[in-house]
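FYI, it's all coordinate maths here, none of it is from the lab. Worth saying up front: this structure is predicted, and the values here are computed from it rather than measured. No Cβ is skipped: glycine too gets one built from the backbone with ideal geometry, and neighbour counts run over all protein chains shown.
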């Protein structure tokens, strides 16, 4: 817990509006992907076709859309950002692996890797000064 406080204090001293805008853009992107997966559940089932014979494949389908939907809202507003990103990491790692197990789709691979890297940055950096975490005093 002490490490998190040290990271938060460092991030609050070195916060910049462009970083907060990137966090908001990441949240909006994940929210839109969650809505897209909810609207096109067949597309999500097709994406996860290489994993269909594995145990828990239906649970994966029901985890991805709500995690993106709710996590996107939390990341965009800066509320419980690190926890929301931790919920995104298995999905994003799975998206990268999925391109190597299934059909290679280069644009999806690049999108998944970039999103994974940005999530990794905000996992360390936190939500910044322009967030609900800071407003509610959760980072002081």
**Fill in**
the chain, Gaussian network, Cα under 10 Å: of 102, 72, 34, the residue fluctuating most is 102
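Could the peptides 125-132, 60-67, 82-89 be put in order, highest first, of the mean number of other beta-carbon atoms found within 10 Å of their residues?
Values: 125-132: 22.0, 60-67: 16.6, 82-89: 18.6.
Descending packing order for the listed peptides: 125-132, 82-89, 60-67.
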**Item:** Helical contribution to [θ] at 222 nm, DSSP H n ≥ 4, -39,500 (n - 2.57), averaged over the chain, rounded to 500
**Value:** -25500 deg cm²/dmol
**Asked** Could you give the angle, 0 to 90 degrees to the nearest 10, between helix 2-13's Cα long axis and the longest principal axis of the Cα atoms of the chain?
**Response** 70 degrees
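Please report 81, 106 as a ranked list, fewest other C-beta atoms within 10 angstrom at the top and most at the bottom.
In increasing order of surrounding Cβ atoms, one gets 106, 81.
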**Prompt:** Angle between the Cα long axis of helix 57-77 and the longest principal axis of the chain, 0 to 90 degrees, nearest 10?
**Reply:** 30 degrees
**Request:** Report the extension gain between residue 54 and residue 36 in nm, rounded to one decimal, defined as 0.36 nm multiplied by the number of residues separating them, less their alpha carbon distance.
**Result:** 4.1 nm
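Could you tell me the relative contact order of segment 2-135? Use alpha-carbon pairs under 8 Å, at least six residues apart, and round to a whole percent. Display every interim value, and only then the final one.
Working: 149 pairs, mean separation 45.8, N = 134.
It comes to 34 percent, rounded to a whole number.
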**Asked** At what distance in angstrom do the alpha carbon centres of segment 98-138 and segment 55-88 lie from each other?
**Response** 11 Å
